[in-house]
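Any read-out appearing in this document is the output of simple, stated calculations on the displayed coordinates, not a laboratory observation. Here the structure is a predicted model, which means the values were calculated and not measured. Here the Cβ positions follow ideal geometry from the backbone for every residue, glycine too, while neighbour counts run over all protein chains shown.
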Amino acid sequence: MIRDYYNRHALDEKLRGAPRPPSANHLAIGHRQAVAMALAMAGEEEAVEKLLSSTTEFAVRFSAPGEWLVVSENDTPEGLQRRLDALCSARVYIVDQSEARVLFRLSGPSTRRILAKGIGLDLHPTAFAVGTSANAFCGHIAVNLARTGEDAFELIAPRSFAESLFDDLMTMGREYDLTAAFAA
Amino acid sequence: MASLITCPHCGVRPKEEFAIRGDASLLRPAPTASDEAWHDYVYVRANPRGRTLEHWQHVGGCRRFLVVERDTFTHEVHSVTDGAAFARENGR
Ligand SMILES: [Zn+2]
């Protein structure tokens with residue numbers, strides 16, 4: 001039997017059924033975005049960082065020194081790979097992560113309180129400003145956390161942990177009436 | 001134990017994000033060194049009361065090896081350095 005895993009989102013089963021209308025605090029699950037890991041070759045870390053931040057075609061998330069996640073809403077996975085290859089030719093290793101990572105977008109007035117239940121970082125805007133991103137633990141799951149707005153965060157998690165993280169986030173957000181749906 | 005570690009790459013983080021990988025002050029003996037030297041390097045550890053140098057790996061963040069200088073008695077953290085930078089500074 002041949003299954004087409006490409007078209008099956010990791011959270012299809014969780015989000016099956018009639019969606020509730022989004023409340024003030026909402027968790028949007030990204031699909032159809034391209035995610036790639038960029039690893040700078042030895043000695044090219046600074047050059048790659050400069051090149052990656054020189055364009056607005058995609059978002060760049062810091063993972064570690066010389067390592068970033070690149071998220072694109074418009075490119076296909078192949079398109080993003082080509083774009084990155086052209087941009088930083090022979091300075092960086094690109095590994096497609098589009099099917100390996102799941103993107104969670106948490107927004108609403110209570111996001112910081114919700115995240116504080118699982119993430120051991122100071123999320124005050126003076127400590128974790130808009131545009132900042134870093135790897136962290138959410139509960140016991142390793143995620144990349146990024147602040148995309150005053151009250152908006154993005155979490156990128158490994159696909160195999162997506163269901164656990166989804167359950168955790170919904171439990172963390174239950175007292176704030178957190179709703180969830182696939183992003184439009 | 002020190003509960004907050006300031007990773008040079010990720011900022012202030014709880015100790016739960018780190019794996020402690022032991023004494024960072026030891027120097028690996030030459031391959032031809034005596035069995036006693038290798039035995040000491042692999043097995044023999046002090047249990048100091050006071051300042052220690054340790055390898056901490058930031059597994060929940062940047063995954064880099066860090067060298068943490070901390071006090072086992074007062075729980076104070078004196079410095080956190082990236083492992084590669086530490087090796088360079090100390091000519092290892
Ligand atoms: Zn770190």
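Using DSSP, restrict attention to beta bridges with both residues in segment A:34-96 and report what percent are antiparallel, rounded to the nearest 5.
100
Each residue of the protein assembly as shown gets 190 Å³ once the volume of the Cα convex hull is shared out per residue.
Counting only other chains, and only Cβ atoms inside 10 Å, what mean value do you get across the residues of A:109-121?
1
Between B:Glu89 and A:Asp96, the modelled label-to-label distance comes to 4.3 nm, taking each label 7 Å out from Cα in the direction of the beta carbon. Inter-chain Cβ neighbour count for B:7-19, averaged per residue, equals 4 (cutoff 10 Å, partner chain atoms only). Site pair A:Glu13 and B:Ser34 shows an inter-label distance of 6.2 nm when each label is modelled 7 Å from Cα along Cα→Cβ. By the count of other C-beta atoms within 10 Å, a proxy for reagent exposure, A:Tyr93, B:Tyr43 are ordered fewest to most as B:Tyr43, A:Tyr93. Peptide A:122-134 has a mean of 1 when you count, residue by residue, the C-beta atoms of other protein chains within 10 Å of its C-beta.
Of all aspartates and glutamates in the structure, the ones whose alpha carbon falls short of 19 Å from that of B:Lys15, not counting any fewer than 8 places away in one chain, are A:Asp122, B:Asp23, B:Glu54, B:Glu69, B:Asp71, B:Glu76, B:Asp82.
Considering only B:Asp23, B:Asp40, B:Asp82, the mean-square fluctuation computed in a Gaussian network model of chain B, springs between alpha carbons under 10 angstrom, is largest for B:Asp40. Taking only Cα atoms and a 10 Å spring cutoff, compute GNM fluctuations for chain B and point out the largest among B:Thr81, B:Thr52, B:Thr72. Between B:Thr81, B:Thr52, B:Thr72, it is B:Thr72 that shows the largest mean-square fluctuation.
For chain A, the antiparallel share of DSSP beta bridges with both residues in that region comes to about 90%.
In debye to the nearest 20, how big a dipole does segment A:34-96 give about its Cα centre with +1 on each Lys and Arg Cβ and -1 on each Asp and Glu Cβ?
Charge dipole of segment A:34-96: 60 debye, to the nearest 20.
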